[in-house]
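Let me begin by presenting the structure, written as C-alpha cells, before commenting on it.
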Amino acid sequence: MSFRLYDVPEAEASHFVGFAGNRINRHAEKRSDDVVTVALADANTRMLLITQGHVLVAQGDDIGNALFSIEDAAAFLPNPNRTIYLGMQDETPVLATFSDTDLAALPETIKAIEYRPVYTQGLIPEDQLGAMAQAVSLLTWHENHRFCGRCGTETVMRDGGYRRTCPNCDAQHFPRTDPVAIMMVVRGDKCLLARGAHFGPGMYSCLAGFIEPGETIENAVRRETLEETNLPIGRVVYHASQPWPFPYSLMIGCHAEALCDDYTLDEAELEAGRWFTRDEVALMLDRTHPEGLMTPPPGAIAAHLIRSWVESGA
C-alpha cells in the first residue's frame with residue numbers, strides 16, 4: 001500500500017509546509033539488512049543522487065525530476081557503500097546515495113542544485129522535496145556518525161540505513177532528529193518578528209531555538225523567547241511541524257502569547273526586531289510593504305505561522 005498526499009486531512013496545517021509532501025512508505029517494521037541490495041537489482045527502482053551539498057536534477061519542460069532510474073543513475077557514480085533505502089512510493093523502491101561524479105562534467109540536461117534553491121524555488125515536485133529532505137537528513141547523519149560513540153570503532157550500516165551497529169561492542173546507533181521550537185509571538189493585534197544578521201535584505205521571521213534535553217516544547221518556547229527578547233510568555237499553542245534537512249531538524253511551530261509589551265533584544269542573536277501590526281504583516285506576506293520588508297518564503301513554517309495569525313484576524 002502506498003500513501004498519497006490526499007490521505008492527509010485537509011485541515012492539518014503541517015500538510016502545507018515545505019518538505020511535507022513525502023509520499024514514501026518507509027516500511028519501518030519490515031526493513032532488512034539486504035533491502036538496498038534487493039532494490040538495486042530491481043529495474044523499477046528510483047534513486048536520489050546527492051553530491052557536495054547538491055541534489056542532481058534532470059531538467060524538464062515545466063519542472064525537474066530528482067528520481068533517476070537505476071540505469072540512468074549508474075552514469076553518475078552512485079556510491080554503493082553510502083546508499084540508503086528510503087522506502088516505497090507507488091509500489092516502487094526509492095533509494096538515495098552520495099554520488100562521486102564530477103559536477104563540472106555533468107551533461108546539460110542534468111543540473112546539480114543546492115538544497116535550499118531546490119526548495120525555495122520549487123524546482124522539483126513536492127513529493128520529491130519530501131523525499132529529498134528524508135534522504136539529506138539520513139545521509140548526513142551517516143556521514144557525521146560513522147564511529148561508535150561508546151568505543152570509537154567504525155560502525156556498519158544496517159536496516160537499509162536506519163541503524164548503525166558497532167562490530168566491536170555491539171552498540172546500536174539510530175538516526176537523530178533535532179527538535180527546534182519556532183514561535184509566533186503575539187500580543188493583541190500585533191506580533192513580534194525579528195531578523196538575524198544572516199537573513200536576506202528586509203526579511204523578518206519568527207523567533208526560534210533548539211529544544212534542550214528534558215524540556216517540553218512549551219517551556220522551550222518560553223525560555224527561548226525570554227532569552228532573545230526578555231519577553232515573558234503565557235499560553236503556548238502548537239500549530240504545525242516541518243522537517244528541516246539542515247542537517248536533520250524538526251521545526252515545531254507554535255503560537256505564543258506575550259504577557260507584556262516591553263522587550264529587549266539579545267543583540268548577540270538578533271540584528272533587529274519589533275512589533276508589527278496585522279495589516280503591516282499582511283503587506284510583508286504579499287511582498288508589497290513600502291519599506292521592502294518581507295516574511296520568509298511561502299514553504300517555510302515561519303510563513304505559515306505568520307499567515308495563520310494574519311488570517312485569524314481578517
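Close amide H pairs (under 5 Å, H built 1.01 Å from N) link residue 272 with 195, residues at least 5 positions away or on another chain.
Taken about its Cα centre, the chain carries a charge dipole of about 500 debye when Lys and Arg each add +1 at the Cβ and Asp and Glu each add -1 at the Cβ.
Once the Cβ-Cβ distance of residue 226 and residue 178 is raised to the sixth power relative to R0 = 25 Å, the FRET efficiency obtained is 0.75.
Take the chain with all the other protein chains still there, run a 1.4 Å probe, and you get 50 Å² of accessible area per residue. Can you give the angle from 0 to 90° between the axis of helix 126-144 and the longest principal axis of the chain, with both taken from C-alpha atoms, to the nearest 10? Result, in degrees: 80.
What's the local net charge at residue 33, with K and R +1, D and E -1, over the other residues with C-beta under 13 Å away? Within the 13 Å Cβ shell, the charges total +3. Which of the three applies to the stretch 1-130, rounded, prolate or oblate, going by the alpha-carbon gyration tensor with a ≥ b ≥ c and a/c under 1.5 meaning rounded? In terms of gyration-tensor shape, oblate.
Taking amide H positions as modeled 1.01 Å from N, with prolines and chain starts lacking one, the residues under 5 Å from residue 21 and 5 or more places away or on another chain are 130. Taken along the Cα-to-beta-carbon direction at a fixed 7 Å, the label points for residue 30 and residue 151 span 3.5 nm. Normalising the average separation of contacting C-alpha pairs (under 8 angstrom, six or more residues apart) by the number of residues puts the relative contact order of the chain at 17 percent.
Against the chain, whose longest principal axis is taken from its Cα atoms, helix 301-312 shows a tilt of about 40°.
Estimated at 0.36 nm per residue, the fully extended path between residue 63 and residue 270 surpasses their Cα-Cα distance by 70.9 nm. Can you bin the stretch 162-239 into rounded, prolate or oblate? Criterion: square roots of the alpha carbon gyration tensor eigenvalues sorted a ≥ b ≥ c, rounded for a/c under 1.5, prolate for a/b above b/c, oblate for the rest. Taking the square roots of the gyration eigenvalues as a ≥ b ≥ c, the stretch 162-239 is prolate. Counting only alpha carbon atoms, the long axis of helix 217-229 and the longest principal axis of the chain meet at about 60°. Centroid-to-centroid, using Cα positions, the stretch 102-128 and the stretch 44-76 are 9 Å apart.
In the stretch 178-312, the portion of solvent-accessible area held by carbon and sulfur atoms comes to 55 percent [1.4 Å probe, whole percent, DNA, RNA and ligands not counted]. For residue 33, the amide hydrogen comes within under 5 Å of the amide hydrogens of 159, counting only partners 5 or more places away or on other chains and with H modelled in the peptide plane. For the chain, the antiparallel share of DSSP beta bridges with both residues in that region comes to about 75%.
The values are calculated or read from the model by the stated rules, or taken from the named source; none is laboratory data. Everything quoted here is computed from the prediction, not taken from an experiment. For neighbour counting, all protein chains shown are included, and Cβ atoms are generated from backbone atoms with ideal geometry for every residue, glycine included. The area values use the complete protein model at the heavy-atom level, side chains included, leaving out ligands, DNA and RNA. Shrake-Rupley method; radii C 1.70, N 1.55, O 1.52, S 1.80 Å.
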